[in-house]
Amino acid sequence: MSKIAIVVFSDTNTVEALGKVSNAFMLASEAIEAGDELKIIFEGAGTKWIGELEKEDHKFHALYKGLKGQITGACSFCATAFGVRAQVEKAGIELLSEYNDHPSLRNLVAEGFELITL
């Protein structure tokens, strides 16, 4: 069993970014099937994805809903800075603030998680 932390940094404004979220979700699905310990974190401009993925007409909405229970949280500072804090809260995603109002990626490494950033 592996310990995988997927950290989504990509913004919502390009086809490349959409591909990165798709890749994050494919890796997450594979990890779940393999029985790996998994954390999904939205950081930086990636916090904007929560509001987008909550939209029922988004092409990845169903996949997102299926993985939502595996989402550890979103960066508190960045959700505020990018103006999406209310969307993240409305979605029921935890705001993470372990280190200077950001998630502690260092703690994940110390806990033995392999960080995959997209």
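The values are calculated or read from the model by the stated rules, or taken from the named source; none is laboratory data. Small disclaimer: the values here were computed from a predicted structure and weren't measured. A quick note on method: Cβ atoms are made from the backbone with ideal geometry, for glycine too, and the neighbour counts reach across all protein chains shown.
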Exercise. Could you give every pair whose Cβ atoms fall below 7 Å, whose first residue belongs to the stretch 55-83 and is more than 20 Å from V7 (Cβ to Cβ), and whose second residue is among the charged types (D, E, K, R) and surrounded by 13 or more Cβ atoms within 10 Å (Cβ to Cβ), counting only separations of at least 6 or pairs across chains?
Worked result: H58/E52
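Can you work out which of the residues in the stretch 1-42 that are part of a loop (DSSP other than H, G, I, E, B) and over 18 Å from A74 (Cβ atoms) is modelled with the lowest pLDDT?
M1
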Problem set entry | Subset of the stretch 7-21 [touching a residue at least 40 places away in the same chain (Cβ under 8 Å), surrounded by fewer than 21 Cβ atoms within 10 Å (Cβ to Cβ) and polar (S, T, N, Q)] | T12
Problem set entry | Every pair of residues 6+ apart whose Cβ atoms lie under 8 Å, when the first sits in the stretch 95-115 and is at negative phi while the second is exposed (fewer than 14 other Cβ atoms within 10 Å of the Cβ) and of a type in the set (S, T, N, Q) | E98/N107; Y99/N107; E114/S2
Problem set entry | Residues of the stretch 41-82 classified as under 12 Å from V21 (Cα atoms) and of a type in the set (V, I, T), total | 3
For this session: For the stretch 48-60, indicate whether the set of residues that are modelled with pLDDT of 95 or more, of a type in the set (G, A, S) and part of a helix (DSSP H, G or I) is non-empty.
Result: yes
For this session: Return yes when G73 is assigned to a strand (DSSP E or B), of a type outside the set (S, T, Y), under 14 Å from the mean Cα position of the chain (by Cα) and on the phi > 0 side of the Ramachandran plot and no when it is not.
Result: yes
